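A short write-up of the structure that comes next.
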Amino acid sequence: MSDDQVLIFDTTLRDGEQCPGASMTVAEKLRVAQALDALRVDVIEAGFPASSPGDFQAVEKIAATVKEATVCALSRAKPGDIEAAAAALSPARNRRIHTFISTSHLHMKHKLQMEPHAVLQAVADSVSHARNLCDDVEWSCEDGTRSDFDFLRRCFEAAIKAGARTVNIADTVGYTLPDEFYELVTRLRNTVPGMEKVRFSIHCHDDLGLATSNSLAAIRAGARQFECTVNGIGERAGNASLEEIVMAIYTRRDSLGVSTGVRTEGLTAISQLVSDITGFAVPPNKAVVGANAFAHESGIHQHGVLMNRGTYEIIDPETVGAGGSRLVMGKHSGRHALRARLDALGYVIGENKLQDIFARFKEIADEQKILDDEDIIALVETSEGAARARPILHNLQSEVSANGSARVRVEIARGSEISVASASAQSSFQAIADALAELLPGGQSLGAISIQNANGTNMPIVKASVSLHWPDGHRSIGQGASPDASVAFARGCLAAYTASRAPDKN
Ligand code: KIV
Ligand code: ZN
């Protein structure tokens, strides 16, 4: 693994689940663990086996199921905890014991009621006990950022000497500031003997809203693992959020110079999964995965995005699996966005008519915050000399058998009017063309098709170019695109159909 690779240690199922109201059943935890594995996080902290029989069972099940990631279990610096972690992890392909103890005076005195020398001894003992049961051991200092530097340094040294492979500093109460954290990580990396042999990790909480900034500062200072949770769920104000740090590293790789192994296009889906399971709604303005992360309402922004997405978006929504930018039609929206929305809905509308529709749109938007597609269709179809919509693909279902023959059901929409046809043929493309021929008058037949996979994106997009032959001998060509080849083809057919016919202008 290169020095530029930062590992992701996800603790949604342990620290994330610790927040009030977020508890998950074993089956739910398993679903999240599988999704995290598919996302390609490096380490999944599955739970704290000594804390309850349910947690033990969840860790054991996850350990038996996860295929790629290292499965990790938490333990205090106590032999019984460490043994429970090792036992629960035994089915895992790759496993890690994560043992921790507090190192701040406040915690040592009031929580542990231990003298510093006893804590130092516990660091060495817990790590070596864990190492006897598991090759991969991580040691963490709880409340590390409020600890005396010299004592902290000695604890790190003891953990490394006892065999920890990863050493982690926790900003348990989200107290540190980015410049302080940068300094602390740098000092520890420069002064603790043996540091060059281990991976330096950080674990930030968001009490001051600084978890992402602190994590990035530590990565700049050389940390090569960050601990995080999906949607930033966790104790109190939460943990550092996985999607924010991953996308900051991805978007600002020019400045940070590091990368992660995450399949970024799965970020939106896993955020929704965790939100559905925990019942914790994702705020609309949440960075990267919030419903408004790629939504634009103001006319100026909408016009900018229509001209060039980069004017107001630094992340391509496809990169995080968010589908696309969304132009929300509301009172701040402009004519360009309305025209683009009408176009996507299949309406071909002249300038004068657009003027009328836009005036009515503004009146309604003043009272009703947002106009959805149905509102806009109603607006067009109730306007004087209603525009006739061109056909757009509304739904496509297909069943393909092993020999390639297919049965399809195609729905097309023209404004609010939906029509449906089914067809069977030797290939799904032919079946789609037959069904469309039934829905679209004119006697056209399928000509050449060319299908291409667009390269260079995380999510492969199929592009179809379709030509149609018309009874009078002319040909028309249209293009369609979609992650699915049949949908791309159907869109290509409809575009070719529209291209051949004089648009129903109003
Ligand atoms: O916040 C914290 O200190 C923790 C430790 C167990 C790493 O979650
Ligand atoms: Zn924590």
Worksheet item: Within region 112-138, how many residues turn out to be touching a Ser or Thr at 6+ places or on another chain (Cβ under 6 Å) and either outside the structural domain of A73 (by TED's automatic domain parsing) or not hydrophobic (A, V, I, L, M, F, W, C) (or both)?
Response: 2
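Let's see how each residue does on (1) in a strand (DSSP E or B); (2) within 16 Å of ligand 2 (Cβ to nearest atom); (3) open to solvent by less than 50 Å² (accessible area, probe 1.4 Å):
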| position | (1), (2), (3) |
| --- | --- |
| L120 | no, no, yes |
| A124 | no, no, yes |
| D135 | no, no, no |
| S140 | yes, yes, yes |
| L152 | no, no, yes |
| A158 | no, no, yes |
Discussion item. Checking I101 against (1) away from ligand 2 (no atom under 16 Å from the Cβ); (2) not in a loop (DSSP other than H, G, I, E, B): exactly one of these is not met. Which one?
Written reply: (1)
Fill in: Selection count, region 328-379, where residues are touching a residue at least 24 places away in the same chain (Cβ under 8 Å), over 16 Å from H303 (Cβ atoms) and not in a helix (DSSP H, G or I)
10
Item to complete: Answer yes or no as to whether A431 is open to solvent by less than 70 Å² (accessible area, probe 1.4 Å), in contact with a strand residue (DSSP E or B) (Cβ under 7 Å, 6 or more places away or on another chain) and under 30 Å from E265 (Cα atoms).
Response: no
Worksheet item: Of the residues that make up region 264-276, is at least one without any contact (Cβ under 8 Å) to a residue 40 or more places away in the chain and assigned to a helix (DSSP H, G or I)?
Response: yes
Practice prompt. For G310, indicate whether it is closer than 21 Å to A35 by Cβ, open to solvent by less than 60 Å² (accessible area, probe 1.4 Å), free of Cβ contacts under 8 Å to residues at least 24 places away in the same chain and not assigned by TED's automatic domain parsing to the domain that holds T229.
Written response: no
Worksheet item: For region 12-43, which residues satisfy the criterion of being under 16 Å from the mean Cα position of the chain (by Cα) and within 15 Å of ligand 1 (Cβ to nearest atom)?
Response: T12
Discussion item. Taking the condition of being open to solvent by less than 10 Å² (accessible area, probe 1.4 Å) and within 16 Å of ligand 2 (Cβ to nearest atom), how many residues in region 20-41 meet it?
Written reply: 1
Discussion item. Quick check on E45: is it at pLDDT 95 or above and either out of contact with any strand residue (DSSP E or B) (no Cβ under 9 Å at 6 or more places or on another chain) or within 16 Å of ligand 2 (Cβ to nearest atom) (or both)?
Written reply: yes
Worksheet item: If you go through region 196-209 one residue at a time, do you hit one that is open to solvent by less than 20 Å² (accessible area, probe 1.4 Å), part of a helix (DSSP H, G or I) and either closer than 29 Å to L13 by Cβ or among the charged types (D, E, K, R) (or both)?
Response: no
Practice prompt. Name every residue in region 289-303 that is open to solvent by 20 Å² or more (accessible area, probe 1.4 Å) and either charged (D, E, K, R) or touching a residue at least 40 places away in the same chain (Cβ under 8 Å) (or both), in order of residue number.
Written response: E297
Practice prompt. Could you list, in sequence order, all residues of region 176-234 that are of a type in the set (G, A, S), more than 15 Å from ligand 2 (Cβ to nearest atom) and closer than 17 Å to T145 by Cβ?
Written response: G209, S213, A217, A221, G222, A223
Practice prompt. Hey, can you tell me all the residues within region 175-194 that are surrounded by fewer than 22 Cβ atoms within 10 Å (Cβ to Cβ) and part of a loop (DSSP other than H, G, I, E, B)?
Written response: Y175, L177, V192, P193, G194
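The values are calculated or read from the model by the stated rules, or taken from the named source; none is laboratory data. Values in this document were obtained by computation on a predicted structure and should not be read as measured data. Virtual Cβ from ideal backbone geometry, glycine too; neighbours counted across all protein chains shown. What goes into the accessible areas is simple: the full protein's heavy atoms, side chains included, and nothing from ligands, DNA or RNA. Shrake-Rupley method; radii C 1.70, N 1.55, O 1.52, S 1.80 Å.
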